[in-house]
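Here's the structure, in structure tokens; my notes come after.
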Amino acid sequence: MIPKVKIFGGCVVSIIALGAAAVCVSLMFPLFFAEESRSKGILFDFVKWSTSSNVIDNSLQSPDVMVDGGLDSVCEQQLKVYVYEFPRRFNFGILKHTQVDLDLPWPDDEVPPPWAHRSRVEKSHSVEYWLLVDLLEGRRGDKQFIRVRDPKQADLFFVPFFSSLCYDTYGGKRTGLVSEDKAIQEEVVKLVVESPYWKHSGGEDHIIPLHHPNAFSFSRHLLNASIFIVADFGRTVPQVSSLKKDVVAPYYHVVPTYEDDNPDDPFNSRETLLFFQGTIKRKDNGIVRSKLADIIRNETGVHFEDGIKNETGYHQAAEGMRNSKFCLDPAGDTPASCRLFDAIVSHCVPVVLSDKIELPFEADLDYTSFALFYSVEESLEPGWLVSQLRNVSQVQWLQMWNRLKGVSHHFEYQFPSKKNDAVSMIWQQIHRKVPDIKLRIHRKERLKIADWWNW
């Protein structure tokens, strides 16, 4: 193992002795010229020794260094998170199966209700639910955070509003010109901005999930200093939401995870070359789907069909993905789509056609190791896309397939959460934003003139 030392802040970091390696190599150069065969053997042994598991920690050999044993796992300092005590009509009450007074917050001595009796489409944006139940259950010592009761101790403040579910439940129901969804948003904004915790920081240390592209659409600009948990940036402007301050979270996949994917011949057992089953006629970014349908749906080895949003349709989609080498992920109405995450948990190599997509956990995961990315323009050239996929060798495909099996657990929402699952990964992304947030807040507290930096 590489020697480890402590540095300021109590973090433990691994020191890779690059300088020592350089010295050793330089010392071997005279040997090389003096006795070529012997020096080659020494150099080979040195390289073999320097890359062996006895010298380099296995975690450093993983593409997921930051996830699977790198800096995040050894420099953990638990976040202190305060949860606003909102009436449950802003969160669990929207699930419609709690009998407790909806004007009271959720009590600490009760297990949060399950996500039940809701559609799979609604569940795809349920990140708000999984984060809140994780916070309420946060008694285990292995979590990235501690839920604190005293807001003065908090690093961050969580706003327990199910904004996506609120839109799905009330957004289409109009009373005159004002929707119930809008009225609820206004209530939430009032509760938050009148809080002394918000006023202290200007909201920069607040976490607000709004995963659905239309979630909090009437009022998000009033809380735009906060950390938003989003699916993408398709229906926001840079003044409201951005990669710098916000966290991109995966959709909850609507097809089940492929648990027993261990065939003798994975490449040839997947008989379909390219699979797509979903809504073909979409608007905005999604118009690419209709164009693709005209170009590739009749190609040999391609399955391209409209999907049906019922249990039969979801079952067909799951079976189709598991029987396909590549799964097409064109943009939906916004750049992101649930289809990417369905493909990942089906271990079907995603083919992403979305020019402005942002991806969850990309600081930790190299998506190019398990997915293919093409521009919309090139993919619409007749015959081009299918020919590209046919040119992917069996060896290349197997590498990506194996990689998918190794990363799919990062996209699982579950309760209780587990290390490096989707909920855990989201907390890691949030955690990284805290130092910059504290810097800005502390500077504001001591400045005597207007801040001169454009943050």
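Data table
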read-out	value
Proxy reagent accessibility, fewest Cβ within 10 Å first, across Ser219, Ser269	Ser269, Ser219
Relative contact order (%) - the range 128-244, alpha-carbon pairs under 8 angstrom, separation at least six	24
Neighbourhood net charge (11 Å Cβ-Cβ; Lys/Arg +1, Asp/Glu -1) for Val230	0
Order of Ile437, Ile449, Ile287, Ile426 - criterion: other Cβ atoms within 10 Å of each residue's Cβ, fewest first	Ile449, Ile287, Ile437, Ile426
The range 266-411 shape via C-alpha gyration tensor axes, a/c threshold 1.5	rounded
Per DSSP, loop trypsin sites (Lys or Arg not before Pro) in the range 366-455 with at most 14 further Cβ within 10 Å	Lys418, Lys419, Lys448
Cross-link table Lys190/Lys244; Lys96/Lys418; Lys245/Lys444; Lys123/Lys438; Lys123/Lys283; Lys123/Lys325, entries beyond 29 Å C-alpha to C-alpha	Lys123/Lys438
Residues Val407, Val395 arranged by fewest to most Cβ contacts within 10 Å	Val395, Val407
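Every number in this text was worked out from the coordinates using simple rules, so none of it is lab data. Just so it is clear, the structure is predicted and the values come from calculations on it, not from any experiment. Note that we place each Cβ from the backbone using ideal geometry, even for glycine, and neighbour counts take in every protein chain shown.
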